[in-house]
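Notes to accompany the following structure.
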Amino acid sequence: MRNKALILFTILLLGITFLVVRHQYSSKRTIIGTEAPEIEVTDIHKNRVKLSELKGSLVVINFWASWCSSCVDEIPSIEGLFKNLSGNPQFRLITILYRDDGDRVSRSMKEKGYTFPIYSDPVGAAAKSFGITGVPETFFIDKKGILRNKVIGPLQWDSPRVIASLQSLMNE
């Protein structure tokens, strides 16, 4: 009888722990059609940017890591997206390193000739605010600060279809 009580107590404790952890990392703020959460990140030059300061621009936020092979595979297309749209003042790209060494990655990216902006999130606050489930994960925030789309996994970011979709959002 005592063993059954101990087993039931353990199961109950594990269930409560699971619900608390799940609630802690889930975020209602990442629902498409709602306002994007406020985040503040810093680039390699120690420039800070707050998402709320970018209203009036379409913002694409990409969470990635150098230890993620699909993230590394999509880097050339992210560079292509950046080169294609960075001349438009209504477009902002924020790539955020997730659980990675920003200095090492920045040096490597510079050596390879990549020019898109890289921001760090050393304590994971931005990732937690967006409730990311892994990397790569990308969010589109419209000019009013509303989350318009979320892409889980890699994508060919410089494809004509994606560029046209982003230009359409910028023209709204």
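We did not get these values from a lab; they are worked out from the coordinates using the rules stated. Everything quoted here is computed from the prediction, not taken from an experiment.
Details
- From phi via Karplus (6.51, -1.76, 1.60), per-residue ³J(HN,Hα) for the stretch 94-106 in Hz, x at Gly/Pro: 10, 9, 10, 6, 10, 6, 8, 8, x, 5, 5, 5, 4
- Across the stretch 61-73, computed HN-Hα scalar couplings (Karplus, 6.51 cos²θ - 1.76 cosθ + 1.60, θ = phi - 60°) run 10, 10, 8, 8, 8, 6, 7, 9, 5, 6, 5, 4, 5 Hz from first to last residue, x flagging Gly and Pro.
- Length released on extending from Lys50 to Asp103, taking residue separation times 0.36 nm less the Cα-Cα span: 17.0 nm
- Close amide H pairs (under 5 Å, H built 1.01 Å from N) link Glu137 with Phe63, Gly153, residues at least 5 positions away or on another chain.
- Under 5 Å, built H, 5+ apart or other chain: amide partners of Asp100: none
- Taking one quarter of the surface of the convex hull spanned by the alpha-carbon atoms of the stretch 31-172 gives a direction-averaged projected area of 7.6 nm².
- Around the amide H of Gly145, modelled in the peptide plane, lie the amide H atoms of Gly56, all under 5 Å away and 5 or more residues distant in sequence or on another chain.
- Using θ = phi - 60° in the Karplus curve 6.51 cos²θ - 1.76 cosθ + 1.60, the 3J(HN,Hα) couplings for the stretch 45-57 round to 9, 6, 7, 9, 9, 9, 4, 4, 6, 9, 4, x, 10 Hz; x is entered for Gly and Pro.
- Lysines whose Cα lies under 26 Å from that of Lys83, excluding same-chain neighbours fewer than 8 positions away: Lys46, Lys50, Lys55, Lys110, Lys112, Lys143, Lys144, Lys150
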